[in-house]
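> Structure incoming, see below.
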Amino acid sequence: MQELSEQELHNLAMNIVGRQLEEEGFEFMGVNSKPKRNPQFVCLKNKILHFIVVRHVPFPLDPNVYDEALMKKVKEHADKFEAKTYYAGVGLSNAENRELPVYLNESYIVDYHGLKEI
């Protein structure tokens, strides 16, 4: 069994959030798949710019808890563009045993509660 790398887990989290954004009618202006480059998504909806930071959060950490200093910095940047700022924490864990890593082509549990406006 092959364990997913941090980048693969991040990409999976981005795909989950990206599908939600698409379904909700967001238009993608920019996508950045590097975990340390923020925001991951810059989107337009109803003529309003949205900056969205996506994080993969390993079990047992809470995907709703975010780095306040980081989000403050992103929000200050977004404010210059009159953009809204959101955090999207996606918890991913092994479906068989949450203590084990997420493996390639194995089932997993998603703990995602949507966008959290900052």
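The values are calculated or read from the model by the stated rules, or taken from the named source; none is laboratory data. Everything quoted here is computed from the prediction, not taken from an experiment. Cβ coordinates were reconstructed from backbone atoms using ideal geometry, including for glycine residues, and neighbour counts include every protein chain displayed.
> Consider the stretch 64-98. How many of its residues are in a strand (DSSP E or B) and either at pLDDT below 95 or among the small types (Gly, Ala, Ser) (or both)?
4
> Taking the stretch 78-118 on its own, how many of its residues are touching an Asp or Glu at 6+ places or on another chain (Cβ under 6 Å) and under 22 Å from GLU22 (Cα atoms)?
The qualifying residues number 2.
> If a residue must be surrounded by fewer than 20 Cβ atoms within 10 Å (Cβ to Cβ), closer than 26 Å to LEU100 by Cβ, touching a strand residue (DSSP E or B) at 6+ places or on another chain (Cβ under 8 Å) and not aromatic (Phe, Trp, Tyr), how many such residues does the stretch 14-59 contain?
3
> In this structure, is GLY114 among the small types (Gly, Ala, Ser) and touching a Lys or Arg at 6+ places or on another chain (Cβ under 7 Å)?
So GLY114 fails the test.
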